Amino acid sequence: NSGGGVTLSGGEPALFMAFTARLAAELRKRGITVLLETCGLFNYDAFKERIYPHLDMIFFDVKIIDPAAHRRHCGLPNEVILENFRRLHRAFRDGGIPVLPRIPLIPGRTATDENLAAIAGFLREQGARRVGLLQNNPLWFDKNEMLGRAPAGDASMRRWIDRERMCHIRSFFGDFEIV
C-alpha cells in the first residue's frame, strides 16, 4: 500500500560500508526507496561518498549528549556521532536527503530530564524541526532470558514508559513535529 522500500538497520549498517553501499546502490537502481537507520558512528567522508548518494532518508539515533555519560552507557565517545549528525543535517538543510533524529527512550539512561533537555537544545542548534521518540520496549528482557543471557539494566527498564511520563518527555520537544 505504501509503495514499499527497504530499511537498512539492525546494529550499524555503516560498519559494513562496502556491502551497504553496494546493496543501497542496487536497490536504488531498481527504483526501491532506501532508508538507513544509524547510530552515527562512522567515517563521514567515506559514508558521504559511498552510501549517502543511494539513500532516500536517514534515521539518526541521538542517545546521550554528555560525553562521559555516553561513554559510560554506550561504551564509546560521542564526538564523532554528534559531528556526523551536524554534517548530515547541514547537508539536508542545503537540499540533501532528509535526516530524522530519533531518541531511544531508555529509563534512567536516555530518558532523563537532563539528557532530554540537552538533546532538544542540540537539535534546535542544528535547526532540526522534527524528532522521533522511540518508546522503551521492555520485551527484550524476556528474550535475553530465553537465550540464556543475563539481562542488563534495572527494574525501571522492564516497564513501558507510562502516559504521564511520555507527556512530560514530549514537553521537551514542544516546538518540534514529533513523529
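Residue by residue, segment 38-46 carries 3J(HN,Hα) couplings of 9, 8, x, 9, 7, 6, 4, 4, 5 Hz when phi is fed to the Karplus relation 6.51 cos²θ - 1.76 cosθ + 1.60 (θ = phi - 60°); x denotes Gly or Pro.
With 0.36 nm allotted per residue and the present C-alpha distance subtracted, the Glu26-Arg124 stretch has 31.8 nm of extension available.
Average accessible surface for the chain: 55 Å² per residue, computed with a 1.4 Å probe over protein heavy atoms with every protein chain in place. Would you compute the Debye intensity of segment 69-129 from its alpha-carbon atoms alone, equal scatterers and no solvent, and pass along log10 I(q)/I(0) at q = 0.21, 0.24, 0.26 Å⁻¹ to two decimals? The calculated log intensity ratios at q = 0.21, 0.24, 0.26 Å⁻¹ are -0.91, -1.10, -1.21.
Taking amide H atoms as placed 1.01 Å from N in the peptide plane, the amide H of Ile161 lies under 5 Å from those of Asn136, each 5 or more residues away in sequence or on another chain.
Per residue of the chain, the DSSP helices (runs of n ≥ 4 H) give a summed -39500 (n - 2.57) that works out to -12500 deg cm²/dmol at 222 nm.
The values are calculated or read from the model by the stated rules, or taken from the named source; none is laboratory data. Remember, it's a predicted structure, so these values are computed and weren't measured experimentally. All accessible areas refer to the heavy atoms of the entire protein, side chains included, with ligands and DNA or RNA removed. Shrake-Rupley method; radii C 1.70, N 1.55, O 1.52, S 1.80 Å.
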